[in-house]
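Enquirer: Here you go, one structure.
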Amino acid sequence: TNQQLHSSLSGRLEGLFPDQLCDIISARSSQLRNVADPYGKPTPASRKAVEAGSVTLADGVMLQVDEIEREFTLAISARFGIDEIQSFVLLRSFLYNEGL
């Protein structure tokens, strides 16, 4: 998560090797370069992927999107005007961090 990245870069979290940190930063490079709009705008391609039930993240990992996740993902995207895949990532991060 972005919080883990911040903790690693600030020295509060140990255990990552420099090459692992570079991989994490590289996967988020487009977000980090565009601080004014880090989650992008909704796109037809992202919406289609979410609706199809399978999304590929920036680091190449493919995840399945179930019906309930799809509903929440599209609602988050519509409410905040952000990319659907980014909405899915934020939803998953929230659920993981809350232990749900």
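Enquirer: Name the residues whose placed amide hydrogens come within less than 5 Å of the amide hydrogen of Asp83, ignoring near sequence neighbours (fewer than 5 apart) on the same chain.
Expert: Gly40, Lys41
Enquirer: For segment 14-30, what does the Karplus curve 6.51 cos²θ - 1.76 cosθ + 1.60, with θ = phi - 60°, yield as ³J(HN,Hα) per residue in whole Hz, taken in order and with x for Gly and Pro?
Expert: Along segment 14-30, the couplings run 10, x, 9, 7, x, 5, 5, 5, 4, 4, 5, 5, 4, 5, 9, 4, 5 Hz.
Enquirer: For the chain, what does the helix formula give at 222 nm: sum of -39500 (n - 2.57) over DSSP H segments with n ≥ 4, over the residue count, nearest 500 deg cm²/dmol?
Expert: Working: 6 runs with 60 residues, N = 100.
Result for the chain, helices only: -17500 deg cm²/dmol.
Enquirer: Output wanted: per-residue J couplings in Hz (rounded whole) for segment 92-100, from phi through Karplus 6.51 cos²θ - 1.76 cosθ + 1.60, θ = phi - 60°, x for Gly and Pro.
Expert: Once rounded to whole Hz, the list reads 4, 4, 4, 4, 5, 5, 8, x, 9.
Enquirer: Could you work out what % of the accessible surface of the chain is carbon and sulfur, using a 1.4 angstrom probe and leaving DNA, RNA and ligands out of the count?
Expert: Working: 4080 of 7070 Å².
C and S atoms contribute 58 percent here.
Enquirer: Based on the alpha-carbon gyration tensor of the chain and its eigenvalue square roots a ≥ b ≥ c, which shape applies: rounded if a/c is under 1.5, prolate if not and a/b is larger than b/c, or oblate?
Expert: Prolate, since a/c reaches 1.5 and a/b exceeds b/c.
Enquirer: Could you check which residue among Glu71, Glu51, Glu14 shows the biggest mean-square fluctuation in a GNM of the chain with a 10 Å Cα cutoff?
Expert: In this elastic network of the chain, the residue with the biggest mean-square fluctuation among Glu71, Glu51, Glu14 is Glu14.
Enquirer: Please list 3J(HN,Hα) in residue order for segment 51-67, calculated via the Karplus relation 6.51 cos²θ - 1.76 cosθ + 1.60 where θ = phi - 60°; whole Hz, with x for glycine and proline.
Expert: Along segment 51-67, the couplings run 5, 6, x, 8, 10, 10, 7, 4, 8, x, 6, 9, 10, 8, 10, 7, 4 Hz.
Enquirer: Counting only heavy atoms of the protein chains, get the accessible area per residue of segment 33-95 (1.4 Å probe) and round it to a whole Å² value. Don't skip to the answer; put the middle values down first.
Expert: On the way: 4040 Å² over 63 residues.
With all protein chains present, segment 33-95 gives 64 Å² per residue.
Enquirer: Something else: Taking 0.36 nm per residue of sequence separation and subtracting the Cα-Cα distance, how much length would be gained by fully extending the chain between Arg33 and Asp59, in nm to one decimal?
Expert: Gain on stretching Arg33 to Asp59: 7.7 nm.
Enquirer: Here's another thing I want to ask about it. Distance in nm between label sites at Ser26 and Asn97, each 7 Å beyond Cα in the beta-carbon direction?
Expert: About 2.6 nm, to one decimal.
Enquirer: In addition: Roughly how many Å is it from the Cα centre of segment 63-94 to that of segment 35-53, as a whole number?
Expert: Here the answer is 9 Å between Cα centres.
The values are calculated or read from the model by the stated rules, or taken from the named source; none is laboratory data. Everything quoted here is computed from the prediction, not taken from an experiment. Reconstructed Cβ throughout: ideal geometry from the backbone, glycine too, with neighbour counts over all protein chains shown. These area figures cover heavy atoms from the full protein model, side chains too; ligands, DNA and RNA do not enter into them. Shrake-Rupley method; radii C 1.70, N 1.55, O 1.52, S 1.80 Å.
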